[in-house]
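Here the structure comes first, spelled out in structure tokens, and everything after it is commentary.
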Amino acid sequence: MNTLVLIVNYGFVFENHPEIRSNGALTKADAGKLAEACKKSGIAIVPEIDLLGHQSWASESGALLAAYPEFDETPLVKFPEKYVWPNTDGLYCKSYCPLHPDVHKIIFDLIDEVCDAFGAVSFHGGMDEVFYIGESKCPRCSGKDKAELLAGEITAIRNHLAEKGRRLWIWGDRLIDGRTTGIGEWEGSYNSTYRAVDLIPKDVLICDWHYERADQTAVYFAMKGFDVASCPWNNAASAVQQADDMIRFRERSTTEMKDHFRGVIQTIWSGSGQFLDRFYGKKQEKGEKSEVNCFKALFEVRGA
């Protein structure tokens, strides 16, 4: 285990943009302590801010849209008093408009400040589950190709990071054709963004998440020229298969492809405190599917 991806989002005390902040925000000093602890253990830390999509949750805007509502891709879609899914507006999470003339100045400032605080050479931009993009009622995006919009946003963020010697990581679901593969609209795209896979720089690292099955899309991304990591969650059998597949892909690939298979990233969605309490037995696991059991299974099967 040599890498920690830490979702920071807007839970940071931004000095450049103090108007953007979530509850429980980390300080620059907190980031330095985490970075130092990782360094002592030989672990690279990769901070994450969810960009483009995931700008709201249920019936509340995230800190970016709360501070800058003009960035909203779908301002006409109002939050319901009681959120349910599915809904007539197709509201899962809001997106910011990638073509708003002021959005990148803010986004780039946030990225730089977080990366500087953690001393990070890689940055995870999220960009998963983007359902709102190129909406017909957006005065800037209407009529635009959704794949080109996604590719443009990925490329803009990648280029900004590259100017300072940093690398962009993203989730891979929007780059998979969800219908043709049968993978579906969550782990793949139903709104034609998948064609962006041929439009973005090849040095973007793809985090290829699949939680129920060990879908072998890592091979697809490697064949496109990307470095890729498989990402399980709470299904131990699937996680072990993904780890075995990653090793098999390396062994059976050409010299040109084998180094693209970068390993496995165990995802944790319960919060680090809850995970650690269950990991150390302070709280009991509930049910067969478990992040903790999945995590332990990955190491047990490798004899670690």
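The values are calculated or read from the model by the stated rules, or taken from the named source; none is laboratory data. For clarity, every value in this text was computed on a predicted model and none was experimentally measured. All Cβ positions, even for glycine, are placed from backbone atoms using ideal geometry, and neighbour counts span all protein chains on display.
Annotations
- Scanning region 1-56 for residues that are in a strand (DSSP E or B), polar (S, T, N, Q) and touching a helix residue (DSSP H, G or I) at 6+ places or on another chain (Cβ under 8 Å) turns up just one, 56.
- Set 172, 178, 184, 152: member being closer than 15 Å to residue 130 by Cα, surrounded by fewer than 23 Cβ atoms within 10 Å (Cβ to Cβ), in contact with a Phe, Trp or Tyr (Cβ under 7 Å, 6 or more places away or on another chain) and free of Cβ contacts under 8 Å to residues at least 60 places away in the same chain: 178
- Residue within region 83-106 that is in contact with a Cys (Cβ under 9 Å, 6 or more places away or on another chain), charged (D, E, K, R) and not assigned by TED's automatic domain parsing to the domain that holds residue 267 present: no
- Meets criteria (buried (at least 18 other Cβ atoms within 10 Å of the Cβ), among the small types (Gly, Ala, Ser), touching a Ser or Thr at 6+ places or on another chain (Cβ under 8 Å) and assigned by TED's automatic domain parsing to the domain that holds residue 187) for residue 53: yes
- Flag set for residue 227, criterion: in contact with a His (Cβ under 6 Å, 6 or more places away or on another chain) and within 25 Å of residue 7 (Cα to Cα).
- Every test in (1) surrounded by fewer than 22 Cβ atoms within 10 Å (Cβ to Cβ); (2) in contact with an Asp or Glu (Cβ under 7 Å, 6 or more places away or on another chain) is passed by residue 201 save one, and that test is (2).
- The strands (runs of 3 or more DSSP E) found entirely in region 178-271 include none that carry 3 or more residues being modelled with pLDDT under 95.
- Filter result (out of contact with any helix residue (DSSP H, G or I) (no Cβ under 9 Å at 6 or more places or on another chain), under 29 Å from residue 18 (Cβ atoms) and not acidic (Asp, Glu)) within region 98-156: 101, 105, 124, 126, 132, 138, 140
- Of residues in region 104-147 being among the hydrophobic types (A, V, I, L, M, F, W, C) and part of a loop (DSSP other than H, G, I, E, B), the one surrounded by the most Cβ atoms within 10 Å (Cβ to Cβ): 130
- Filter pass, residue 131 being within 21 Å of residue 28 (Cβ to Cβ) and among the hydrophobic types (A, V, I, L, M, F, W, C): no
- Whether a residue is part of a helix (DSSP H, G or I), touching a Ser or Thr at 6+ places or on another chain (Cβ under 7 Å), under 21 Å from residue 24 (Cα atoms) and modelled with pLDDT of 95 or more was assessed, and residue 150 does not pass this test.
- Scanning region 153-175 for residues that are outside any helix (DSSP H, G or I) and either in contact with a strand residue (DSSP E or B) (Cβ under 9 Å, 6 or more places away or on another chain) or not assigned by TED's automatic domain parsing to the domain that holds residue 33 (or both) yields a total of 7.
- Candidate set from region 227-267 (those that are under 18 Å from residue 172 (Cβ atoms) and among the aliphatic types (A, V, I, L, M)); member that is surrounded by the fewest Cβ atoms within 10 Å (Cβ to Cβ): 257
- Restricting attention to region 121-134, the residues that are touching a Lys or Arg at 6+ places or on another chain (Cβ under 7 Å) and small (Gly, Ala, Ser) total 2.
- Positions within region 57-78 being within 23 Å of residue 99 (Cβ to Cβ), part of a loop (DSSP other than H, G, I, E, B) and in contact (Cβ under 8 Å) with a residue 12 or more places away in the chain, in sequence order: 62, 68, 73, 74, 76, 77
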